[in-house]
Amino acid sequence: MHAPVDPSPGGAAPHPFAKPKTHRETYEFLIRQVLRAGTYSVLLAVGLIFAHIIIKGVPVVFTTKAPFINTNFLTKLPETLHVIEDKQGKIYETSPQGSDVIKKELGGNMRSEKTISYSGGGILGPIVGTALLVLVCMVVALFLGIASAIYLSEYASHGKFIEGVRLAILNLAGVPSVVFGLFGLGIFVLSAPVLTDTPHERSLFSIPLGFTYMSFQGWDTCVLSGAFTLAFVILPVIITASEECLRAVPQGFRETSLALGATRWQTIWRTVLPFAMPGILTSSILGIARAAGETAPIMFTAALAFKDKLPWQGDSGFFGIFTQSVQALPYHIYTIAARIPQSEYSERAQYGSVFVFLVLVLMFAITSVLLRRKLRAKYQW
Amino acid sequence: MVAAPPAPKKPVSKPAHHEPSAVTPATPTAEGVISVRGLDFHYGTKQALFDVNLEIPARKVTALIGPSGCGKSTLLRCFNRINDRIAGAHISKGQVVIKGKNIYDDDVDTTQLRRQVGMVFQKYNPFPKSIYENVVYALRIAGVKKKPVLDEACEHALKVAALWDETKDRLKANAFGLSGGQMQRLCIARAVAVRPDVLLMDEPCSALDPIATLKVEELITQLTKEFTVVIVTHNMQQARRVADLTAFMFMGQLIEFADTTTIFGAPQQKKTEEYIRGIFS
Ligand SMILES: Nc1ncnc2c1ncn2[C@@H]1O[C@H](COP(=O)(O)OP(=O)(O)OP(=O)(O)O)[C@@H](O)[C@H]1O
Ligand SMILES: [Mg+2]
């Protein structure tokens, strides 16, 4: 039965480890090359995108003279760019106020004036808006996401219903983001409850609470509405990732903690969560980077194409950071790239914004890695 | 199916339906004693324990031995109701009476129960925290906040676990820096820190090397000064070395329960004898 068999039937076998003469090797080789080609083309595409953005964006954000950074671009609000050309062909780029001064100076020497919307000034408004949206979204999404992940994996008993819930959450990930935008418009902008003494007339209904009214009139277009909408866009990612991280916590920890007289929540709070948190945060931050880049969900709920005030400069003061509408980077990029006539000036503003956005997302990624390292060091395992 | 085993040596009380007053703290062995009465245990539809009757005396080491899958862990885990976690696990008949109370009664709070019936697991599993925080975990859970109380409990528990000299200078260090044997002793310290009456151990040495095993065994015999110890072991030498009494289980049934010397020297049951002689293992 197990008598030595000639390893290569039909051929002389010089030694027992001789390669069988088949096409297997060629086949292996081909497969390997196909896989490699796939990987390299992805790399190439990523490289091209980044190179394009960097080549076009760096000259806008950085300058050749000290302080080497175009501070105006990062610290001023967007405004209309005026480009004036005099009869000698000299070109002045200026703000709306500056254009009057220059026109007066030039007098009859002016040949032409062009205005390019949104492309002058800087992009502080969009940066601040995106930062606020992302921060509030992060708080909301982490809270809701971790809470449901804990419930699903630690409390709920396994069954058809829970499987259904999981499936529904996964399907949520396939919903187009513009649908989330409309959902946010319907729910948060137009019908979410607020406490107010004077319910709006478009309020769906209001419940008198004695000292004030709870009116279902929506939160209006504001950071809060946008952040909640964005939170729902990334919830599937966060819930799924958190559940995975919770599952990765050894069962032994839970059992030990319970055996020491801990309740279920004490076990989760003191043992399971500290262990799972680094993973949850890392995977969530990637989801949050996605939220930062979403345009459709905030178009109807939080973002304006143009706004000449920072959120805290409005009537509501500091709380404007929640209750005011804002500009946001992705929407700003969309506006400049697709909603106004193209020119070299609008392109400049566009790539500058894209570059800044890329840097912000990169910073997010780095933060997540550092955070993970730090937590890992604290709870070495 | 094996016939129901004859009643083990002596103080076995009659199974189930027994009026609880029969075990009042008045009886000499009542303190810290566990009595299992006619226990039938199921994992879903699979029955794992069949009519188990057992009286575990206080301040002694009682070993549960038997072939793999015979239900040793299941029985042990019935004593602190940690089996409650497993979906479908339930008791269909019988009682586990600890300190005169059936712990499966509806009015028993499992967290209180587990404070008095501690458990040490097979795989040493300190939490990813400092040595100190590991030891005082159960106290913090119980709401103890005062640092002197915690410090005192920590020192006492580590001394009980014979770990104080090795760790007193690095209480704040992460517990994962300890050796395997030290970690298991830390787990024992963690379990005794709330001063339970009973300490359950499920193969506490099976993940340890021989020297660490000897240390832990030495410790176990010391533990009877304060605790009633129930230990599951696969290692019969170990049972011989540490246990005052030994229970032999087979296919979910308790076959024989007697002094360790009797079980290993002159077992009454044929199955016990066969197992001891190594037919099953
Ligand atoms: N969670 C569970 N669900 C279903 N059946 C289980 C479960 N745990 C144990 N069992 C079954 O119950 C029986 C007793 O298991 P138990 O773990 O108590 O055996 P054991 O004597 O501790 O074995 P070992 O020496 O291998 O640890 C076995 O047949 C096992 O398959
Ligand atoms: Mg076992």
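Listing for the model above:
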{"item": "Residues that are within 15 Å of ligand 2 (Cβ to nearest atom) and not aliphatic (A, V, I, L, M), drawn from region B:238-247", "result": "B:Gln238"}
{"item": "Some residue of region B:89-108 being out of contact with any Pro (no Cβ under 6 Å at 6 or more places or on another chain), of a type outside the set (D, E, K, R) and over 24 Å from B:Ile56 (Cβ atoms)", "result": "no"}
{"item": "Matching residues in region A:104-130 - criterion: being assigned to a helix (DSSP H, G or I) and in contact (Cβ under 8 Å) with a residue 40 or more places away in the chain", "result": "A:Leu124, A:Gly125, A:Pro126, A:Ile127, A:Val128, A:Gly129, A:Thr130"}
{"item": "Qualifying residues in region B:189-225 (those that are open to solvent by 40 Å² or more (accessible area, probe 1.4 Å) and within 16 Å of ligand 1 (Cβ to nearest atom)) - the one nearest to the chain's Cα centre (by Cα)", "result": "B:Ser206"}
{"item": "Unmet criterion (only one of (1) within 14 Å of another protein chain (Cβ to nearest Cβ); (2) part of a loop (DSSP other than H, G, I, E, B); (3) more than 16 Å from ligand 2 (Cβ to nearest atom)) for B:Ala207", "result": "(3)"}
{"item": "Residue in region A:99-121 that is among the aromatic types (Phe, Trp, Tyr) and touching a Phe, Trp or Tyr at 6+ places or on another chain (Cβ under 7 Å) present", "result": "yes"}
{"item": "Residue in region B:70-81 that is within 12 Å of chain A (Cβ to nearest Cβ), more than 14 Å from ligand 2 (Cβ to nearest atom), in contact with a Ser or Thr (Cβ under 9 Å, 6 or more places away or on another chain) and part of a helix (DSSP H, G or I) present", "result": "no"}
{"item": "Flag if A:Leu182 is touching a helix residue (DSSP H, G or I) at 6+ places or on another chain (Cβ under 8 Å) and either open to solvent by 30 Å² or more (accessible area, probe 1.4 Å) or farther than 25 Å from A:Ala248 by Cβ (or both)", "result": "no"}
{"item": "Sole residue being surrounded by fewer than 17 Cβ atoms within 10 Å (Cβ to Cβ) and within 16 Å of ligand 2 (Cβ to nearest atom), chosen from B:Lys123, B:Lys93", "result": "B:Lys123"}
{"item": "Cβ-Cβ under 6 Å pairs, at least 6 apart or on other chains, region B:40-68 side more than 16 Å from ligand 2 (Cβ to nearest atom), far side open to solvent by 30 Å² or more (accessible area, probe 1.4 Å) and among the acidic types (Asp, Glu)", "result": "B:Ala58/B:Glu31; B:Lys60/B:Asp244; B:Val61/B:Asp244"}
{"item": "Looking only at region A:259-282, and only at residues there that are more than 7 Å from every other protein chain (Cβ to nearest Cβ) and open to solvent by less than 10 Å² (accessible area, probe 1.4 Å), the one that is farthest from B:Pro128 (Cα to Cα)", "result": "A:Ile280"}
{"item": "Hits in region B:128-174 - residues which are in contact (Cβ under 8 Å) with a residue 40 or more places away in the chain and more than 14 Å from chain A (Cβ to nearest Cβ)", "result": "B:Tyr132, B:Val160, B:Ala161, B:Ala162, B:Leu171"}
{"item": "Test: residue in region B:94-116 that is in a strand (DSSP E or B), out of contact with any helix residue (DSSP H, G or I) (no Cβ under 8 Å at 6 or more places or on another chain), within 14 Å of ligand 1 (Cβ to nearest atom) and away from every other protein chain (no Cβ under 11 Å)", "result": "no"}
{"item": "Residues that are under 17 Å from B:Arg185 (Cα atoms) and of a type outside the set (S, T, N, Q), drawn from region B:226-241", "result": "B:Glu226, B:Phe227, B:Val229, B:Val230, B:Ile231, B:Val232"}
{"item": "Within region A:299-381, helices (runs of 4 or more DSSP H) holding 2 or more residues that are within 14 Å of chain B (Cβ to nearest Cβ)", "result": "A:344-378"}
{"item": "Positions within region B:211-237 being within 16 Å of ligand 2 (Cβ to nearest atom) and without any contact (Cβ under 8 Å) to a residue 40 or more places away in the chain, in sequence order", "result": "B:Asn235"}
{"item": "Of residues in region B:56-90 being among the charged types (D, E, K, R) and within 16 Å of ligand 1 (Cβ to nearest atom), the one least open to solvent (accessible area, probe 1.4 Å)", "result": "B:Lys72"}
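A quick yes/no check of all residues on (1) touching a residue at least 40 places away in the same chain (Cβ under 8 Å); (2) open to solvent by 40 Å² or more (accessible area, probe 1.4 Å); (3) not assigned by TED's automatic domain parsing to the domain that holds A:Val354:
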site	(1), (2), (3)
A:Ala37	no, yes, yes
A:Lys56	yes, yes, yes
A:Val60	yes, no, yes
A:Lys87	no, yes, yes
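The values are calculated or read from the model by the stated rules, or taken from the named source; none is laboratory data. If you're wondering where the values come from, they're calculated on a predicted model, not measured in any experiment. No Cβ is skipped: glycine too gets one built from the backbone with ideal geometry, and neighbour counts run over all protein chains shown. Accessible surface is based on the protein model in full, side chains and every heavy atom, while ligands, DNA and RNA are left aside. Shrake-Rupley method; radii C 1.70, N 1.55, O 1.52, S 1.80 Å.
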